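See below for the structure under consideration.
The values are calculated or read from the model by the stated rules, or taken from the named source; none is laboratory data. Predicted, not measured: the structure shown is a model, and the values here were computed from it. Positions of Cβ are generated from backbone atoms using ideal geometry, with glycine treated the same way; all protein chains shown enter the neighbour counts. Areas reflect the complete protein model, heavy atoms only, side chains present, ligands, DNA and RNA absent. Shrake-Rupley method; radii C 1.70, N 1.55, O 1.52, S 1.80 Å.
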2 protein chains.
Amino acid sequence: MGVKTMVKSDIEIAQQSHINPIKEIAETIGLTEDDLEFYGKYKAKLSFETLKKLQTKESGKIILVTAINPTPAGEGKSTVTVGLGDAFKKIGKKVVIALREPSLGPVMGIKGGATGGGYSQVLPMEEINLHFTGDFHAITTANNALAALLDNHLQQGNQLQIDQRRIVWKRSMDLNDRALRKVVVGLGGPVQGVPREDGFDITVASEIMAVLCLASGLQDLKKRLARIVVAYNINKQPVTVGDLGVEGALTLFLKDAVKPNLVQTIEHTPALIHGGPFANIAHGCNSVMATKAASKLGDYVITEAGFGADLGAEKFLNIKARSANLKPEAVVIVTTIRALKMHGGVAKSDLGQENIAALEAGFANVEKHAETISSFGLPLVIAVNKFVTDTEQEVKALLVLCEKKNLPVALTEVWEKGGAGGVDLANKLLEVMEKGESNYHPLYELSDSIEEKVRTVVQKVYGGKDVEFSTKARKQLVEFEKFGWGNLPVCMAKTQYSLSDDPGKLGRPENFTITVREFKPSIGAGFIVALTGDVMTMPGLPKVPAALKMDVDENGNAVGLF
Amino acid sequence: MGVKTMVKSDIEIAQQSHINPIKEIAETIGLTEDDLEFYGKYKAKLSFETLKKLQTKESGKIILVTAINPTPAGEGKSTVTVGLGDAFKKIGKKVVIALREPSLGPVMGIKGGATGGGYSQVLPMEEINLHFTGDFHAITTANNALAALLDNHLQQGNQLQIDQRRIVWKRSMDLNDRALRKVVVGLGGPVQGVPREDGFDITVASEIMAVLCLASGLQDLKKRLARIVVAYNINKQPVTVGDLGVEGALTLFLKDAVKPNLVQTIEHTPALIHGGPFANIAHGCNSVMATKAASKLGDYVITEAGFGADLGAEKFLNIKARSANLKPEAVVIVTTIRALKMHGGVAKSDLGQENIAALEAGFANVEKHAETISSFGLPLVIAVNKFVTDTEQEVKALLVLCEKKNLPVALTEVWEKGGAGGVDLANKLLEVMEKGESNYHPLYELSDSIEEKVRTVVQKVYGGKDVEFSTKARKQLVEFEKFGWGNLPVCMAKTQYSLSDDPGKLGRPENFTITVREFKPSIGAGFIVALTGDVMTMPGLPKVPAALKMDVDENGNAVGLF
């Protein structure tokens, strides 16, 4: 800090790091070569036999890493998750990290992957950010095979009497491709199919991604796939994958993708990286199978969920943990001084200047998330991810704020120092877990009405005043009850930037109303998505995409990937 | 034969076969564990270092397996290729098989993979027929990333002045999906992209597939990708991948896909399975890198090319072998008595009846292909792939026909007997190769005009009278010369069912004219496609797709996959 150094890029640090054969990493958590299905020397999937064998073992403690509402300043949630795992290992704990897989779309579009940063990264970073073990490709294939089979059903006589204007299943690609958001397919005359409106979502927004991440195993996966609603028939009744009779084929396409992937951090801490549903239209957590396997393999599991605590953590706690019968023990809320200053009204270009007043104002955001986590019955620690630009006064002010509000806090420097930079946070967590036991419980009952469930999240998690439902949404609520979907949890699709549904309202907005304009049933995943505002399910590329800088050197090594 | 037996399905035979760890297979051809990048226990890629190391080794003899014009009766070309490899191994030869990878489209659509059949199959059959090592997914991704980057270029100001009506790059999917043949993308208003006509090809029809299969290595791959023409600008000049500046990113997406995959047959013969371009719009052969590696690892390479000798073999000999500097030593032309009877006018439903006259009439088809192979300066053997329904009289008649025309012939029973069923063919081939040395030469010079090259193929390979070019095609010929593309080989896109461009003309049609309606430049692959008749680049699914029968059992094993 203060000393001017040549800063290496993430990929340089990753490529210069020593990576151990994955079988050696596996040995540290009691797995042998026979438990693994290798993808090269440094990646492996856990076999079905291994997953079965693990079921009878005792479970370790699950720690969830979440964050404040994200800002363009960056919070480094993945980096803290990786660094915290390394810190647990450093202080002698048996730990396994459980992360989501990155999507190729953002990798190609903007600088920034999902494999951590600096000295807190997972390896092999290039592989994980590119095709990894092919899971997302398998999901894309299953998604699009379903679409092809559905359009073929229309073409071959439409026995199920599907209303072609009411097909809700979209195609997908694991790319940022705005031109595919709204398309017309089936053009060219009677032998080319039935013309209809369609669109593509990015693969992480596919319901199959959510299904795979919530499935407890292969047979549960098949059952969930069969329940997916793809369209409505001319009598407005739902048509499912099961009605089409293709859940077996889709399961076959996913039979390897459903197995968790084992890799390692730069400090050789084992990490299971598996699945990656969006945290708006889906639940934003890595797979249940990976989280469970991690809890059987480690005394501690460090896992994370997408976006801020109002989205990813809320869904981890109200949807994933409930559905999978997981009991989280503690939560880390990642913040930075820079991001809090933005929540306090500072523009990104002015972040270099000390601004205690803005920091204090922005602190309301982290405070709200802390209250939410407490309302789930969980102990927590605020992790302040330090940046070189943070002033001593700012750091001090933030610690004082936490102390005043009785919030456990720890500074982390994991980007620069790896696990060593996370030891304070790890010790604070252990201390907090010893003192205050987890009394985890979801915030609503499944028997509550969908309307009540949405209201609970809006009021207890977002701090809003009330919810309004559009006429369409109200009509859907009646239909959904009729279809027997009323007892499913809700999955809120909301902007990640604000606690409200207005991305411009930073800090801790109050007295706001959330408008639910539409519901989207994800019956395979097992939740009802409530859409508020515009939700982007297929991102676009920026003017200068990261792809323009990517290359491969003569030896086949990636260049320009972050 | 004659005895009624319970016939096992291909997948049952494959799953009941013993498979050896791939490292043991590798050892039999002088490779160690360090030469391999494992994908599970039974699949591996050859590393770049290994490929480099092999370059200095002496080359084995390359034997090409081709066939008569395919009929609905089935010829079993892949099965004979695999069985012949096993036969070479059985008689003590060091042999490596080199095949194409199957596409998921046909796997999902109709019963029939590309992994052989009966006791002449490659293993693990399910994996190879599903995602294998992800090569096709990587190609699909590169193809669609290019499309997304191109549409993004339009959206972000269109600096290259691309004429959006003259974009020739299409999106792709490795599925049979007729609804995607003709689509409109970019709908929904100004922030959703520029509306334009588009379409999807199946991945095996993507130029990137052809590029990958003709590339000599990673750097050559990048150069070829840069040359791909994606559109024309407002001045009607070609716009390439290099102009967009994304060849580095595309190469990065393909850096593992470009490495050949090692697997084994049921009899543990090593097989390199890599790439799979269509044999109409592309050249229909497995990758140059795999064929070359196979020739360095074995004293004999058994490889195959798509469809009949008029398509796959012509392109292997005029395009692939010339471009890669390969010298094939002999050719096998696979036929069946059933298929020849169909070429002689018998309907599929009547194939059960003995019909010597039809067989004799249909023989003209195999005779023409034999003449063609001879005109390339290559010795050949006719392989008669025996079926239980063939009568003794029919077999005798066919052997007499071959003898009369001085065509070396051997019967094979590889489906039922594996390598043992191909020993006669292997011995005949060795005999033929000893007697008549290969005097391989392409049929035309690259310096011939495009028109002359097309005419040569039509007259010498198809036995046609002449070629007609549409007004559009004539205009293109002038343009292409101007763009400097005149010295590329031609890649004929023609129906596979007939020597002519009319799929109904079986046997050996004569005095016909072929009409070239349009040319398509594949500058990255390095050839000019001549389109005759309608060429299907995105197949559709049948009324009852194979996907309806597919499933996975409780242990994760594939069910209903052939």
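Some observations on this one:
- Aspartates and glutamates whose Cα lies under 12 Å from that of A:Lys77, excluding same-chain neighbours fewer than 8 positions away: A:Glu304
- Beta bridges by DSSP in segment A:450-531, antiparallel share as percent, to the nearest 5: 40 percent
- Mean separation of Cα contacts under 8 Å (6+ apart) over length of chain B, as relative contact order %: 21 percent
- Rounded if a/c under 1.5, otherwise prolate or oblate - segment B:297-358, Cα gyration tensor axes: prolate
- Where N is the number of residues in segment A:450-531, Cα Rg divided by 2.2 N^0.38 Å: 1.08
- Counting only whole DSSP H helices of chain A, the ones at least 15 Å long by C-alpha along their axis and with mean Kyte-Doolittle hydropathy no lower than 0.0 are A:135-155, A:356-375, A:392-404, A:423-435.
- Around the Cα centre of chain A, unit charges on the Cβ atoms of Lys, Arg, Asp and Glu (plus for the first two, minus for the last two) sum to a dipole of about 940 debye.
- The phi-based Karplus calculation (6.51 cos²θ - 1.76 cosθ + 1.60; θ = phi - 60°) puts the 3J(HN,Hα) values of segment A:255-264 at 5, 8, 4, 6, 8, x, 9, 9, 9, 9 Hz, whole numbers, x for Gly and Pro.
- With all protein chains modelled, accessible area of B:Leu541 [1.4 Å, Å²]: 10 Å²
- Residue among A:His153, A:Asn129, A:Gly217 farthest towards the positive dipole end of segment A:107-223, charges placed on Cβ: A:His153
- Filter on B:Lys94/B:Lys327; A:Lys182/A:Lys222; B:Lys89/B:Lys292; A:Lys259/A:Lys292; A:Lys61/A:Lys341; A:Lys43/A:Lys296 - keep pairs with C-alpha separation over 23 Å: A:Lys182/A:Lys222; A:Lys61/A:Lys341
- Charge dipole (Cα centre; +1 on Lys/Arg Cβ, -1 on Asp/Glu Cβ; no other charges) of the protein assembly as shown amounts to roughly 1280 debye.
- The trypsin sites (Lys or Arg not before Pro) found in segment B:383-440 that occupy coil by DSSP, while having at most 16 further C-beta atoms within 10 Å, are B:Lys405.
- Counting, for every residue in B:252-261, the Cβ atoms of other protein chains within 10 Å of its Cβ and taking the mean gives 4.
- Take each residue of peptide A:241-248, count the partner chain Cβ atoms within 10 Å of its Cβ, and average: the result is 3.
- Antiparallel DSSP beta bridges within chain B, percent to nearest 5: 45 percent
- Of the solvent-accessible surface of chain B, computed with a 1.4 Å probe over protein heavy atoms with every protein chain present, carbon and sulfur atoms account for 49 percent.
- All other residues whose Cβ lies under 15 angstrom from that of A:Lys435 are scored, Lys and Arg at +1 and Asp and Glu at -1, for a net of -2.
- Given charges at Cβ of Lys, Arg, Asp, Glu: the protein assembly as shown dipole, positive-most of B:His343, A:Val301, B:Ala420: B:His343
- Shielding by other protein chains, B:149-160, mean Cβ within 10 Å: 4
- Eligible aspartates and glutamates near A:Lys453 by straight Cα distance, threshold 16 Å, same-chain separation 8 or greater: A:Asp310, A:Glu314, A:Glu445, A:Asp466, A:Glu468, A:Glu481, A:Glu518
- Pairwise FRET efficiency - B:Ser349 versus A:Ser59, Cβ, R0 = 56 Å, nearest 0.05: 0.35
- Sparse-neighbour loop sites [GluC sites (Glu not before Pro); segment A:37-146; at most 11 other C-beta within 10 Å; DSSP]: A:Glu58
- Sites listed here are GluC sites (Glu not before Pro) in segment A:455-562 whose DSSP assignment is loop and whose Cβ has at most 10 other Cβ atoms within 10 Å: A:Glu554.
- In nanometers and ordered shortest first, the copy-to-copy spacing of the A:Asp299 label point, defined 7 Å from Cα toward Cβ, is 6.1.
- Positive minus negative residues near B:Met342 (Lys, Arg vs Asp, Glu; Cβ under 10 Å): +2
- Spherically averaged projected area of the convex hull of Cα atoms, segment B:135-249: 7.2 nm².
- Think of chain A as having a plus end and a minus end, set by charges on the Cβ of Lys, Arg, Asp and Glu; of A:Pro503, A:Pro442, A:Ile528, A:Ile528 sits farthest toward the positive end of this dipole.
- Convex hull volume per residue, computed on the Cα atoms of the protein assembly as shown, equals 162 Å³.
- From the C-alpha gyration tensor of chain B, square roots of 5λ in Å: 36, 28, 23
- Cα centroid of segment B:458-522 to Cα centroid of segment B:248-315, whole Å: 26 Å
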